[in-house]
Amino acid sequence: MNLIPPKWADRFLRWYCHPDLLEEIQGDTEELFYRRAAEEGEKKAKRKYIWDVIRFFRWSNLKKSNKLKINSLIMFNSYLKIGFRNLSKNWVISIINIFGLALAVGSAITVFIFVDLQHNMDSFHSKKDRIYALINHVTDENGTEFWATNPFLLGPDLKDNHTIVENVVRAKFDYGNMRYENKVFRETITYVDPSIFNMFDFQLASGARNALSEKQNMVISSLIAEKYFGEEDPIGQVISIKFNGNRTQSYTIAGVLEKYSANTSFRFDILVPVSNIRELRDENIAWDWLTSATFVQLNEGHSPSELDAQMDKYITLHNEATSDWKIEKFEFVPLDQFALRSYEIRRSIAMGGHPAGRLTIGIISFILLALACFNYMNIAVASAAKRLKEIALRKVMGGNRTHIVHQFMTENVILCAFSMILGTLLSYYLFVPGFNMMLPFAMPFTFSSFRLGVLFFGGLLVVIGLASGSYPAFYISKFQPVSIFKGNQKLGGKNLFSKVLLSMQLILAFMTVVACFVFSENGRHFNAKDWGYNPN
């Protein structure tokens, strides 16, 4: 039988043992292993071999590099203990710093969640990489404009005559008075192609995904279901809609959509099959008819550039049918870019803010973080006057500047960690709910991916840790013991960098206050503005 000691234990011995002692210790432990294996059995010999390897893990047997690593761990543990003691000893200053940083961190978290949500609109659709929103370029005396409206007949023709097109969904908005029993409301109706639930991953709370295959069926949102039926199941109920032109049509509810997720950029309240348009409109449908949106889904392995050369004939068909709205070019916008570009697309059905808005709140968040870091620096430098003798004594006892820097940076990381915890709680329970009061949807406290969340929190800890703690640590650690003990070392206003910090802090605070007043007054102005109708 081939007896060998446990390999992992032998590797551990080689890792920690000094090269000058390795051969002797390894020879002794292996000799004992083979003797015990013959006398007591292999299993018992392996257990005792492992114990011998652990037993020889002594300071005198360690490599120099391992001694340094263990020394570093011991020193770090010491830094942590001293850091917690100093924070608890100066608890008033610690609370001010923690709360100030927490407010800025909470704001930064809230803004990042909002921006992350905006950049991941419609990302839940499984076929998003193959779906494109079709927009057109229209040129007039004001220049080129982008429009979401497209010829009504374009979608079916693309699907029927181009093999790379797998699916096409049109959406056309209309209005009508919807009645159920004694409840009558004017609602937004959307005509769509029945294949909408094959292209998009909108979930149904009840009903089948092919519900719109029947001409007299309709699908409603959960909000409409609650509005008309409360807790009652709406499936199978008949609703009548009186459209413009006094045409009335009855529909059977065959599906109810689940509540839309926050990253849904376009939403529908009432969906009916697009085939109903021909009966509800008196005019003939021609190439000058327009939809509110057209989505094109391509087969895998194909790109919209393959269709570019073939779109010219559709431009000709439309422009010949109308004289006052000429299309110059069609463009296929990827679904993940549709909401981000909605600010420049006229009559876009996607809800997407202007990038200037995201940039503005990002700058405000950065200013708040900078203010909190500057405030921490000034307080840290001012409060360090009480610790000058501690610094001098540590240097006299053999500590160097690096040790002092590590000590102050460790204390700063501890404080920043507490600030991040408190800031996260403020964001979750206060800032995000408050932010949602200004939004047309409920923004969840979540990130688009776990990896992004880890990178954000880790990066934020590093940034505020370095930004707020570097200057106090490196500035205070350079003081000489002799100068401190003689009382010659002073901390105060003559330091140029401290003056710069205070000036920047004052300027940023003033800018933030002025901006708040401007935004508040602007909001009051628009709330009080007469829009020419009674909103009640």
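Here are a few things to note about the model shown:
- Largest-first principal axis extents of the Cα set of the range 128-346 (Å): 52, 39, 32
- Model label points for K329 and Q203, set 7 angstrom from Cα along the Cα-to-Cβ axis, are 4.0 nm apart.
- Using the Cβ-Cβ distance between E40 and V454 with R0 set to 56 Å, the FRET efficiency from 1/(1 + (r/R0)^6) comes to roughly 0.70.
- Working from label points 7 Å from Cα in the Cα-to-Cβ sense, the W147 to N527 distance is 3.8 nm.
- Proximal charge balance of K127 [Cβ under 10 Å; K/R count +1, D/E count -1]: -2
- Net charge over other residues, Cβ less than 15 angstrom from the Cβ of A205 (K, R count +1; D, E count -1): -3
- Computed E for E306/R11 - FRET, C-beta separation, R0 60 angstrom, nearest 0.05: 0.55
- Sum of side-chain charges, T248 neighbourhood, beta-carbon under 13 Å (Lys, Arg +1; Asp, Glu -1): +2
- Estimated distance in nm for a label pair at D233 and S250, the labels positioned 7 Å out from Cα along Cα-to-Cβ: 2.1 nm
- Unsatisfied cross-links (Cα-Cα over 29 Å) in the set K127/K172; K242/K329; K172/K529: K242/K329; K172/K529
- Estimated dipole of the range 128-346 in Debye, rounded to 20 [Cβ of Lys and Arg +1, of Asp and Glu -1, Cα centre]: 580 debye
- Once the Cβ-Cβ distance of T360 and E31 is raised to the sixth power relative to R0 = 51 Å, the FRET efficiency obtained is 0.10.
- Along the axis of the charge dipole computed for the range 128-346 (Cβ charges of +1 for Lys and Arg, -1 for Asp and Glu, origin at the Cα centre), the listed residues G230, I345, I277 are led at the positive end by G230.
Read the figures in this text as sums done on the coordinates, not as results from a lab. For clarity, every value in this text was computed on a predicted model and none was experimentally measured. Positions of Cβ are generated from backbone atoms using ideal geometry, with glycine treated the same way; all protein chains shown enter the neighbour counts.
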